[in-house]
1. Looking at region 168-204, which of its residues are of a type in the set (Lys, Arg) and assigned to a loop (DSSP other than H, G, I, E, B)?
2. Evaluate the following for GLN366: is it surrounded by fewer than 17 Cβ atoms within 10 Å (Cβ to Cβ) and either closer than 30 Å to ILE263 by Cβ or within 40 Å of the chain's Cα centre (by Cα) (or both)?
3. Is there any pair linking a residue in region 78-92 that is touching a residue at least 40 places away in the same chain (Cβ under 8 Å) to one that is outside any helix (DSSP H, G or I), with Cβ under 7 Å and at least six apart or on different chains, and which?
4. If GLU321 meets every condition in (1) assigned to a helix (DSSP H, G or I); (2) under 36 Å from the mean Cα position of the chain (by Cα); (3) over 21 Å from ASN292 (Cα atoms); (4) not basic (Lys, Arg) apart from one, which number is that one?
5. Here are some residues: LYS88, LYS134, LYS81. Which one is surrounded by 15 or more Cβ atoms within 10 Å (Cβ to Cβ), assigned to a helix (DSSP H, G or I), among the basic types (Lys, Arg) and not assigned by TED's automatic domain parsing to the domain that holds LYS70?
6. If I filter region 213-226 for residues that are hydroxyl-bearing (Ser, Thr, Tyr) and within 15 Å of the chain's Cα centre (by Cα), do I get at least one hit?
7. Residues of region 149-203 being over 19 Å from the mean Cα position of the chain (by Cα) and among the acidic types (Asp, Glu), which ones?
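The values are calculated or read from the model by the stated rules, or taken from the named source; none is laboratory data. Quick caveat: nothing in here was measured; it's all calculated off a predicted structure. Glycine also receives a Cβ, built like all others from the backbone with ideal geometry; neighbour counts cover every protein chain displayed.
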Amino acid sequence: MKKITFILLTLIGFSAFAQKSEVKSAEKAYKKGDIATAKEMIQKACKLKDQADDKTKARIMFVKAEVFAKLGSKDLDNYGKALQAIEKLEAFEKQIDRDKYTDDAEKLKTQIFNEIKNIIDSDINKKNYKELEKSSELAYNISKNEDYKYYYAVAALFNEHYGKAEKLLKELYDSGYTGVKDIITIKNKQTGKRESVNSEQEAKLYILAGTHEDLKKEKTPNLRPDIVAKLLFVYSKLGNDEKAIKFIEKAKKEDPNNLDLIIGEGNYYLKKGDNEKFAAAMQKAVELDPKNKLINFNLAYAYYQLKKYDKAKKYYEKTIELDPNYVDAYKGLAYIILVPEEGITKEMNKDEVLMNDKLYNKYNKQRLDLYRQTLPYLEKALQIDPNDKNVLVMLKKIYRDLEMKDKYKDVKAKLDALKAK
C-alpha cells in the first residue's frame, strides 16, 4: 500500500508541476504574440486543471480567456470561449474568496465587448447577417442591451432561423422596446453630410474649429413598427396564423389605437394577400396619423388592388401633397389612368375591329388619349428619379406610339445606358 501511495503522490506532484509549466509557457507565448503555441499550451493545462491548486486554477482560466480573446477577431466562437472562461473564473474566485484576476478579467470583458461592437458595425454595413447573428448575440449576452437583441433578432430572421427570431422579437415587443434615442448631429462642411457626436459640448468644439455647422438634436426612428411587422412576418413564415391573429387581437385590446400595431397588422394582411383587411388597417392608420405619407401611399395601393380607383387616386394625391417627390405615388396615378387600356387593346385586336379602319382608329384614339394623360405623372416621376427603369420603359412605349421621336430617342438612350452598366 505504501508503495502505491508513493507512486500516486509522485504523479500528482508531477501533474501540478506540468500545469504550472504549461500555463507559464502559454503566458510567455501570448506575450510574444505566438497565439498558436499559447492556445496549445493552455489547452494542455486545462486538461489537468482539476488537479491544480486554487491559485493555478484561476491562473489557467484567466490565461485561457486572454488567448481565446486574441483569437476572437478571426473566429467569433473564440470570443464565446473567452467569455465562458471569464464567467467561470469570476465565479471560482468568488467561491474561494479571492480576486486576483477578477478585475483584469472585467477589463478583458470590456475589451472584448468593444471589439465585438466594431465587428457588429462592419456586419451591419456589409449586411453579413450570418456573422451578425453571432456577434450581436455575444454583445447582448455581455451587456444585456436590447439594441443588440434587436440586431440579433433581425439577423436570425434574415438567416431564416424563424423560431429564434420569434422568441427574440416577442421579448422585445413585450418589454416595450422602441430603440428611440436622443442624438446630436452636426453638418460636415466639406462633405455636406450630417454626423453624430457624443455630446453637445463635442459638437460645439467642432463648430468652433470651423469644420462643422448646424447643430441639431434629433431622435432615432422608432423600431416598434418594424418589430411588429417582423414578428407577424415570422408567424406567417412559420404558418402560424392562429398565433398571429391572437397576437394582433391581444395587442389591440391592450391598446386599440396603437399605430405601430395597426401598421404591423396591415403589413401582415398584405403579405397574406388579404387586401380588404390591409385596406381596413391602413384606413384606421390614416385616421390616427393623417400626415404620414407612407400610410397614405399604402392605403392608396390597397384601394388600387381592390379596384377602388377613385379612393386610390385620392390617397395617391394626398401622398404627393405630403411629399411632392414621392415617385411611386406619381406612378400609381399613371397606373390608374391606364386601367382601361387592357379593355381597349382587347377590342382593337378583335378581327371585326382590325378590318374596320374607322372603328380601329376610334379605339386607338382612346388609347393614345390615355397615354397623353399619363405623361405629366410619368415625366415628373422621371424628373425625380432619372434611373427608374419602369418609368423609362413605359415612357419609351408611350413616346413611340405618340410619335414623339426626340423624346423616344432620349429615353431609349437612357435605357441602353442603364442596361450596359
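1. Residues of region 168-204 that are of a type in the set (Lys, Arg), as a first pass: 170, 181, 187, 189, 193-194, 204.
Listed by number, the residues that qualify are LYS181, LYS189, LYS193.
2. Working: surrounded by fewer than 17 Cβ atoms within 10 Å (Cβ to Cβ): yes; either closer than 30 Å to ILE263 by Cβ or within 40 Å of the chain's Cα centre (by Cα) (or both): no.
Judged against the criteria, GLN366 is not a match.
3. TYR79/GLY72
4. (3)
5. Working: LYS88 fails: not assigned by TED's automatic domain parsing to the domain that holds LYS70; LYS81 fails: not assigned by TED's automatic domain parsing to the domain that holds LYS70.
Residue meeting the stated conditions: LYS134.
6. Let us first name the residues in region 213-226 that are hydroxyl-bearing (Ser, Thr, Tyr), namely 220.
When the remaining residues are screened for being within 15 Å of the chain's Cα centre (by Cα), the result is 220.
Checked region 213-226: at least one residue is hydroxyl-bearing (Ser, Thr, Tyr) and within 15 Å of the chain's Cα centre (by Cα).
7. ASP174, ASP182, GLU195, GLU200, GLU202, listed by residue number.
Condition check ((1) farther than 30 Å from TYR150 by Cα; (2) touching a Ser or Thr at 6+ places or on another chain (Cβ under 9 Å); (3) at pLDDT 90 or above) across all residues:
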site	(1), (2), (3)
GLY179	no, yes, yes
ILE183	no, yes, yes
LYS187	no, no, yes
VAL197	no, yes, no
ALA203	no, yes, no
ILE207	yes, no, yes
GLY210	yes, no, yes
